[in-house]
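The values are calculated or read from the model by the stated rules, or taken from the named source; none is laboratory data. For clarity, every value in this text was computed on a predicted model and none was experimentally measured. A quick note on method: Cβ atoms are made from the backbone with ideal geometry, for glycine too, and the neighbour counts reach across all protein chains shown. Side chains are part of the model used for accessible areas, which takes the heavy atoms of the whole protein and leaves out ligands, DNA and RNA. Shrake-Rupley method; radii C 1.70, N 1.55, O 1.52, S 1.80 Å.
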Amino acid sequence: MGDQATADTNDFDPDAFLVVPARTFEDLRVGEVFRAPSRTLTDAHAAAFQTVSADNHPVHYDVEWARKHGHPAPVVHGLQVLAFTAPGATLLPHFIGEVFISFLELSCTFLAEVHSGDTLYPALTITGLEPQGDTGVVVTAATIHNQRGELVLSGQHKYLLQRR
């Protein structure tokens with residue numbers, strides 16, 4: 001058994017231990033979708049984000065204030081919802097890890113309120129591949145739907161990748 005363990009250790013290459021096969025800019029295709037696991041937001045998520053962001057607006061934590069101002073419940077912070085579009089929540093960074101240079105920009109529109117108890121379904125869809133010499137820009141549509149199928153966030157990300 002000792003000889004087999006030594007052989008397994010000698011044959012192991014941490015650099016070859018990939019979650020998915022590595023790809024290059026040229027391997028990516030417009031229309032590819034990278035989904036993040038669905039997640040149901042809880043009051044604990046909202047409280048943790050409030051602590052980190054230091055956002056003390058009562059619309060995010062005061063039930064009565066929210067109702068008085070036309071919201072059925074406290075509203076999950078928009079930046080917290082946007083965070084669910086983080087590329088690292090999907091497999092995309094595993095595919096492009098070796099050629100990734102930087103996250104260039106993002107934009108979004110908040111289309112509907114999100115409340116504690118809502119389940120979010122984030123996805124990144126490649127909408128553009130823009131070669132630029134030795135680099136290329138990957139453009140993705142960032143979307144989040146809720147459990148009722150409503151689009152609650154629509155946006156765009158851009159990433160800079162090394163080309164072959």
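Some observations on this one:
- Where a residue in region 87-101 is touching a residue at least 24 places away in the same chain (Cβ under 8 Å) and its partner, wherever it lies, is open to solvent by 50 Å² or more (accessible area, probe 1.4 Å) and among the aromatic types (Phe, Trp, Tyr), with Cβ under 8 Å and at least six apart: PRO87/PHE103
- Single residue of region 1-37 satisfying the filter (over 21 Å from GLY97 (Cβ atoms) and in a loop (DSSP other than H, G, I, E, B)) that is modelled with the lowest pLDDT: MET1
- Lone qualifier among THR40, THR24, THR90, THR51 - being polar (S, T, N, Q) and closer than 20 Å to GLU150 by Cα: THR40
- Filter result (out of contact with any Pro (no Cβ under 8 Å at 6 or more places or on another chain), surrounded by 17 or more Cβ atoms within 10 Å (Cβ to Cβ), within 20 Å of GLY88 (Cβ to Cβ) and of a type in the set (S, T, N, Q)) within region 141-164: GLN156
- Failed item in (1) assigned to a loop (DSSP other than H, G, I, E, B); (2) farther than 30 Å from PHE17 by Cα, with LEU120 passing the rest: (1)
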